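Colleague: Take a look at this one; I'll ask things after.
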Amino acid sequence: MRNRQARWSARGQARWAAAPLTVAVAATLLAGCGSDDGEAAGKGEPIVMGMSDDIISTDPASGYDPASWLVFNNVFQSLLSFPKGSTTPQPEAASQCGFTDSRTRVYSCTLRDGLRFSNGNELTSEDVKFSFERTLRIDDEAGPAVMLDSIDEVTTTDKKTVVFRLKYPDATFPQKIASGAGSIVDHRSYPKNSLREDQKAVGSGVYTLSSFDKKQARFSVNPHYRGPAEAQNSGMTLKLFHGDQDRLKKAVQKGDVDLAYRGLSTAALAGLEASSGTAGSNRHIQVVEGTSAEVQHLVFNLKDPVTGKLGVRQAIAYLLDRTTLIRDVYKRTAEPLYSVVPAGITGHNTAFFDRYGERPQRDKAEAALRSEGIQGKAELTLWATPVRYGPDTVKEFEEIADQLNASGLFDAKVKTRDIEQYDKDIAAGKYGVYVKGWVPDYPDADNFTAPFFGEGNVLSNGYDPGRITGQLLPRTAKKSNRADTVQDFEAVQDQVAEEVPVLPVWQGKQYAVARENIAGLEWTLDASTVFRFWEISKGADG
């Protein structure tokens, strides 16, 4: 199996809470929206949705991009899932789950009764075991196997019980298996050692994938579904715009789609939000805002002759004006971020705000530079890539360079590279400061720290985290009650703010633009990053 750094770095797009120990998570055993006799499932009108992202895979052993996970979260069940508005996983295909040892190394789940796949086949513990072992065995470069590498062995004691034995303590395991990485497939419908290549899917989730081609994906409500979700519509058609943001904007304005999710530019969102509900073409448009745990950082190469100096990094931290940046570049579609763990995630603090303040402090920045013996201006190149981390990234970096130069303490400029060369150059240590973005796999502070500072981290910046990986993160991995990790994660954030291997810049928001007769979007836009088709309904058009 490839090393963790190589596997994290191979994702198509950068992306980067658990029950008390030994206490099982009890399910609310709702019948859900399915029916065993195959009657039509769901209720209300079908919905048409537009998205500019491409779906990379319909096989959960491969796709690791947000669009593919949108498919997985709606077509497949996991043992656990994230309820709307919550970052704590609850039973989904399971009726109960929990750690059965004091070391968070044995995790057991019992399946709920009556589970069936969309093809009518019974779902048993054999399918759960098969699904996890298959993902790990295939270990696809663009897949989620990296999230499951704590698994040592999966066993079944009967048709309804599955036991995971872990290589090391991993209290975040429930979070991981509640994500798209925990998707359960039918062992009779998927090859054991290779990916399914026909673009079809057999799951037990709320929806079935009825058809999929380059133009659209069609989803029908699954009559066999058994779980807590209840579909508020009778189906979803997902039209794919392949990065054409302007065409997506026009489609929702004209009513060709009922809603648009992912891919509208900052300017388009700001314009639609300002004019929605007023007279004109946007009077029937609503812009729905939700929380997000997507983050973006400046990363410093600690082996670089300039950014390797702590005083230089601290000076930049004293000068960065996040509020102005977000106002002028992102039109307030993001929030200032003052720690590596974003707001809304258990353990978040404001370490950078506490240490460096909200507004530029030139005197402190100058003192930091002079402490390194730098008497004139510090020369600095900010490196960016124009696509992966959003269409406004280069403009953002130009604003940061302007802020640094306005202080009279820096001579900063911006350079860009395409993503392939960008990744190669970072790995080779050629850049002093560069951008990295992160969309979380699961909403826990661990997912905002271990990938950046743990073994085989993705930053390639030469930072020795010392106590972070030697004591703090291993200690959090043993605590299944995530509230007990707060002190340690705060210590991680405080150390990062002091040593500045990265500089947090912003935390994203999620947006959906919809016709005025669309409801329920507020239940699809939260820090779990799960977009729940079943929560969306369509009423009469006003």
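Colleague: Among the numbered criteria (1) over 26 Å from Ala483 (Cβ atoms); (2) of a type in the set (D, E, K, R); (3) touching a strand residue (DSSP E or B) at 6+ places or on another chain (Cβ under 7 Å), which single criterion is violated by Lys167?
Modeller: Condition (1) is where Lys167 drops out.
Colleague: Could you give me the residue pairs with C-beta distances under 7 Å whose first residue belongs to segment 29-55 and is on the phi > 0 side of the Ramachandran plot, whose second residue is crowded, with 18+ Cβ neighbours inside 10 Å and at pLDDT below 90 wherever it lies, and which are 6+ apart or on separate chains?
Modeller: Correct list of pairs: Gly42/Cys33.
Colleague: Another question, if that's okay. Based on what the data block shows, is Leu337 among the aliphatic types (A, V, I, L, M), within 22 Å of Glu498 (Cα to Cα), touching a Ser or Thr at 6+ places or on another chain (Cβ under 6 Å) and open to solvent by less than 60 Å² (accessible area, probe 1.4 Å)?
Modeller: No; evaluated as a whole, the condition is false for this residue.
Colleague: Could you tell me whether segment 116-127 includes any residue that is open to solvent by 10 Å² or more (accessible area, probe 1.4 Å), among the charged types (D, E, K, R) and over 14 Å from Arg188 (Cα atoms)?
Modeller: No, every residue in segment 116-127 fails to be open to solvent by 10 Å² or more (accessible area, probe 1.4 Å), among the charged types (D, E, K, R) and over 14 Å from Arg188 (Cα atoms).
Colleague: Would you mind telling me which numbered condition in (1) part of a helix (DSSP H, G or I); (2) under 15 Å from the mean Cα position of the chain (by Cα); (3) farther than 18 Å from Lys176 by Cα; (4) not basic (Lys, Arg) Asn447 fails?
Modeller: (3)
Colleague: Report yes if some residue within segment 456-466 is crowded, with 16+ Cβ neighbours inside 10 Å and within 24 Å of Lys84 (Cα to Cα); otherwise report no.
Modeller: There is no residue in segment 456-466 that is crowded, with 16+ Cβ neighbours inside 10 Å and within 24 Å of Lys84 (Cα to Cα).
Yes/no per residue for (1) part of a loop (DSSP other than H, G, I, E, B); (2) hydroxyl-bearing (Ser, Thr, Tyr); (3) touching a Gly at 6+ places or on another chain (Cβ under 7 Å):
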position	(1), (2), (3)
Pro83	yes, no, no
Thr88	yes, yes, no
Cys97	no, no, no
Gly120	yes, no, no
Phe132	no, no, no
Thr135	no, yes, yes
Glu153	no, no, no
Thr157	no, yes, no
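Colleague: Would you be able to tell me the number of residues in segment 60-81 that are touching a Ser or Thr at 6+ places or on another chain (Cβ under 7 Å), part of a helix (DSSP H, G or I) and farther than 12 Å from Ile184 by Cα?
Modeller: 2
Colleague: Considering segment 141-169 alone, what residues qualify as being open to solvent by less than 20 Å² (accessible area, probe 1.4 Å), hydrophobic (A, V, I, L, M, F, W, C) and over 17 Å from Val106 (Cα atoms)?
Modeller: Ala145, Val146
Colleague: Within segment 507-535, how many residues are of a type in the set (A, V, I, L, M, F, W, C), touching a strand residue (DSSP E or B) at 6+ places or on another chain (Cβ under 6 Å) and under 22 Å from Ala67 (Cβ atoms)?
Modeller: 8
Colleague: Could you check segment 243-258 and list, in sequence order, the residues that are under 12 Å from Met51 (Cβ atoms) and modelled with pLDDT under 90?
Modeller: Across segment 243-258, the qualifying residues are Gly243, Asp244, Gln245.
Colleague: A further question on this structure: Inside segment 396-411, can you point out the residues that are assigned to a helix (DSSP H, G or I) and among the aliphatic types (A, V, I, L, M)?
Modeller: If the condition is that a residue be assigned to a helix (DSSP H, G or I) and among the aliphatic types (A, V, I, L, M), then Ile400, Ala401, Leu404, Ala406 are the ones that fit.
Colleague: Being part of a strand (DSSP E or B), under 18 Å from the mean Cα position of the chain (by Cα) and within 27 Å of Asn349 (Cα to Cα) is the filter here, so list the residues in segment 492-539 that pass it.
Modeller: Scanning segment 492-539 gives Pro504, Val505, Trp506, Gln507, Gly508, Lys509, Gln510, Tyr511.
Colleague: Checking Val106 against (1) among the hydrophobic types (A, V, I, L, M, F, W, C); (2) buried (at least 19 other Cβ atoms within 10 Å of the Cβ); (3) more than 21 Å from the chain's Cα centre (by Cα): exactly one of these is not met. Which one?
Modeller: (2) is the only condition that Val106 fails.
Colleague: Given the residues Ala445, Ala428, which is the only one that is out of contact with any strand residue (DSSP E or B) (no Cβ under 8 Å at 6 or more places or on another chain), over 22 Å from Pro391 (Cβ atoms), small (Gly, Ala, Ser) and buried (at least 23 other Cβ atoms within 10 Å of the Cβ)?
Modeller: Result: Ala445 is the single residue among Ala445, Ala428 that is out of contact with any strand residue (DSSP E or B) (no Cβ under 8 Å at 6 or more places or on another chain), over 22 Å from Pro391 (Cβ atoms), small (Gly, Ala, Ser) and buried (at least 23 other Cβ atoms within 10 Å of the Cβ).
Colleague: Filter segment 489-507 down to the residues that are in contact with a Gly (Cβ under 9 Å, 6 or more places away or on another chain) and either open to solvent by less than 10 Å² (accessible area, probe 1.4 Å) or under 28 Å from Gly227 (Cα atoms) (or both) and list them by number.
Modeller: Phe489, Val492, Gln493, Pro501
Colleague: I'd like the residue in segment 268-322 that is of a type in the set (Val, Ile, Thr) and farther than 30 Å from Thr449 by Cα and, out of all such residues, is most open to solvent (accessible area, probe 1.4 Å).
Modeller: Thr278
Colleague: So, Thr485, is that one crowded, with 22+ Cβ neighbours inside 10 Å, in a helix (DSSP H, G or I) and of a type in the set (S, T, N, Q) or not?
Modeller: Here the answer is yes, as Thr485 does meet what is asked.
Colleague: Further question: Among (1) outside any strand (DSSP E or B); (2) modelled with pLDDT of 95 or more; (3) not small (Gly, Ala, Ser), where does Arg218 come up short?
Modeller: (1)
Colleague: Further, regarding this structure: Of the residues Asp246, Asp256, only one is among the charged types (D, E, K, R), assigned to a loop (DSSP other than H, G, I, E, B) and over 20 Å from Ser339 (Cβ atoms); which?
Modeller: Within the list Asp246, Asp256, the selection yields Asp256.
Colleague: Considering only residues of segment 329-365 that are out of contact with any helix residue (DSSP H, G or I) (no Cβ under 6 Å at 6 or more places or on another chain) and small (Gly, Ala, Ser), which is modelled with the highest pLDDT?
Modeller: Among residues in segment 329-365 that are out of contact with any helix residue (DSSP H, G or I) (no Cβ under 6 Å at 6 or more places or on another chain) and small (Gly, Ala, Ser), the one modelled with the highest pLDDT is Gly357.
Colleague: Scanning for something in a strand (DSSP E or B) and more than 23 Å from the chain's Cα centre (by Cα), does segment 165-187 turn up at least one residue?
Modeller: Yes, the conditions are met somewhere in segment 165-187.
Colleague: Looking only at segment 340-395, how many residues end up being of a type in the set (Ser, Thr, Tyr), in a loop (DSSP other than H, G, I, E, B) and open to solvent by 30 Å² or more (accessible area, probe 1.4 Å)?
Modeller: 3
The values are calculated or read from the model by the stated rules, or taken from the named source; none is laboratory data. All values derive from a computational prediction rather than experimental measurement. Backbone-built Cβ (ideal geometry, glycine too); neighbour counts: all protein chains shown. Accessible surface areas use protein heavy atoms only, side chains included; no ligands, DNA or RNA. Shrake-Rupley method; radii C 1.70, N 1.55, O 1.52, S 1.80 Å.
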